[in-house]
Structures are given as structure tokens and as C-alpha cells.
Amino acid sequence: MTQAMTREAALRLGLAANELPGLGVPALVTAIADHCGLPLTETKLAALTVTDLRVIIAGDDHAEQDCQVGYDMDTLKRAVRFLWGEGVEGSELPPLDIYAEGDMPGSIRVACASNSAELIDGHFGSCERFLIYQVSPTETRLIAVRPTLEAEHAEDKNLARAEIIKDCQVAYFQSIGGPAAAKVVRAGVHPVKLNPKVGAGKTAREILADLQQAIKSPPPWLAKVMGVESAALAVYRELVEAEEE
């Protein structure tokens, strides 16, 4: 069972179980796994509500009996907040920035393969999560953290990983193989293999600062994924137009 969850999920479950005396970690993990299905990820835990937790603890046979589970509402709320990742000391996940669709006009969405904190230290085929950033010329916001554990159970793991980031325009990896890169491209995402000399010791935000500058005057590859005209090609268009006049 413990192999069917992320390390972050295991941490959250342990802290939540501490708030529920008499239940124990194995019982809580088993009950939530029965409710949510395996693998257990932080994404699944973040979707649970207090009502869900009461039903999970009560069991399906007693779910309709007002879920009298022996814990008061405040206790259940504390446990659920731990499942959500709130106030979890030792968490390896960076906090998200506030974001709503349309907040950053002229921005693009970027995925970064990561195993720890806000580092781009993951290979496409083995990273534990993708950090999802919204990047504009003036700011960068971390808007989602997407675990990859479920992709490990797919028949085509590379395709499943590409599906996780298919709403992004660009993706950064420490490394990615040719066949995997082809599947990322087919998903509509431009893959970027990070130069170790450039990325050493830098956070994703520091690396994406270069992308921010490029967005202001995008080279052809970036202009293509942004759906705009390349600044370099615009010069030639202006020359053609001037000749036609």
C-alpha cells in the first residue's frame, strides 16, 4: 500500500491520522484508498472534504446514518486540512501562487519536471511531479503541482505523462529521450532539455526568468508555441512590405 502513494501523500496521511486518535495510519490509508482508489496522491487528498472524511471513517454500511464517527467537527476539519497540505511542516511541495484564468494576458503555461522543492531536477520519464507555471514578461506564478504516480500504472507511461502537461506550451526537463519527446510534441508541448551548466543550483523561477525575457521578443520556436509572429521574422516582413510599396 505505501508504494502506491507519493511521499507527500504519506506525510499528509500520517499527520491527519495523528488528529484522529484510535484510528491509526494503516486504517486511515486503507479507508481512503478504498474511497479514492490507488494510487494515493496529494491531488486526490486535496479533493477530500470533511463530509468525505466522515463517510470514509464510517464506512459505506453506515454512511447514511449521519456518519457518527466519534470525532467532533473541529477534529475532522483539522485532519482534512492536513490532507490538503495546509500547515504541513516538512512538506516537499512549494506553495501555490494565487491564479485565475485570464489573470496574466500574454502569458504561456510551462511545465517543469521536478523531484524536490522548486528545482527542475527530474527526467521526463521518472520525475515525481510536474510544477506548472504561468509565465508572462513581468511575472511567474506557480499555479499547480501535478504528481506523476498515476502515469506509472498506464500501459504507455510516456503518453500518460505527456497527457498530464498537455495544457502547457513549453516543458523543461533535466533529460528526455527521443521517443518520449515525440509524444510530448504530439501533445502540443515544446520540450526543452535543460543544460546542466545553466540549471545547476538554480530554481525553476530563476531559469524561467530567461524565458520571461524571451517572451518580450520571441524567437521563432517560442513565437510558434505562443501563436504570435517572431520578432526576428517581423523584420523580414517589414522589408517585404516596404519593397511592395
For a label point 7 Å along the Cα-to-beta-carbon line of Lys202, residues of region 158-186 with backbone N under 18 Å: 170-176
Near Lys157, which lysines are there with a Cα under 17 Å away, not counting those fewer than 8 places off in the same chain? Lys166, Lys183
On C-alpha positions alone, give me the angle between the axis of helix 7-18 and the longest principal axis of the chain, in degrees, nearest 10. 30 degrees
Restricting region 72-128 to trypsin sites (Lys or Arg not before Pro) in coil, as DSSP defines it, with at most 12 other Cβ within 10 Å: none
Can you work out the Karplus-derived ³J(HN,Hα) for every residue in region 103-109? Use 6.51 cos²θ - 1.76 cosθ + 1.60 with θ = phi - 60°, whole Hz, and x for glycine or proline. 5, 10, x, x, 9, 10, 9
Can you tell me how much longer the chain between His153 and His35 gets when fully stretched, taken as 0.36 nm per residue apart minus their C-alpha distance, in nm with one decimal? 40.7 nm
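Stretched out fully, how many nm does the piece from Ile98 to Ala4 gain, at 0.36 nm a residue minus the Cα gap?
Values: separation 94, 0.36 × 94 = 33.84 nm, distance 2.99 nm.
So the chain would gain 30.8 nm between Ile98 and Ala4.
Between Asp210 and Ala46, what length in nm is gained on full extension when 0.36 nm per residue of separation is reduced by their alpha carbon distance? The partial results should precede the final answer.
Numbers: separation 164, 0.36 × 164 = 59.04 nm, distance 3.23 nm.
In short, 55.8 nm is gained.
Restricting to the chain, what percent of DSSP beta bridges are antiparallel, rounded to 5? Could you put the intermediate results ahead of the total?
Details: 14 of 23 bridges.
In the chain, approximately 60 percent of DSSP beta bridges are antiparallel ones.
Step by step: find N for region 10-161, compute 2.2 N^0.38 Å, then divide the Cα radius of gyration by it. What's the final number? Provide the component values of the computation, followed by the final result.
Details: Rg = 17.8 Å, N = 152, 2.2 N^0.38 = 14.8 Å.
So region 10-161 has a normalised radius of gyration of 1.20.
Just from its helices, what would the mean residue ellipticity at 222 nm be for the chain, if runs of 4 or more DSSP H residues each count -39500 (n - 2.57) and the sum is divided by every residue, rounded to the nearest 500 deg cm²/dmol?
On the way: 11 runs with 105 residues, N = 245.
Counting only the DSSP helices, I get -12500 deg cm²/dmol.
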Which whole-number percentage describes the relative contact order of the chain, with Cα contacts under 8 Å and a sequence gap of 6 or more? 14 percent
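Coordinate-derived values only; no laboratory data. None of these values were measured; they are calculated from a predicted model. We place every Cβ from the backbone using ideal geometry, glycine too, and count neighbours over all the protein chains shown.
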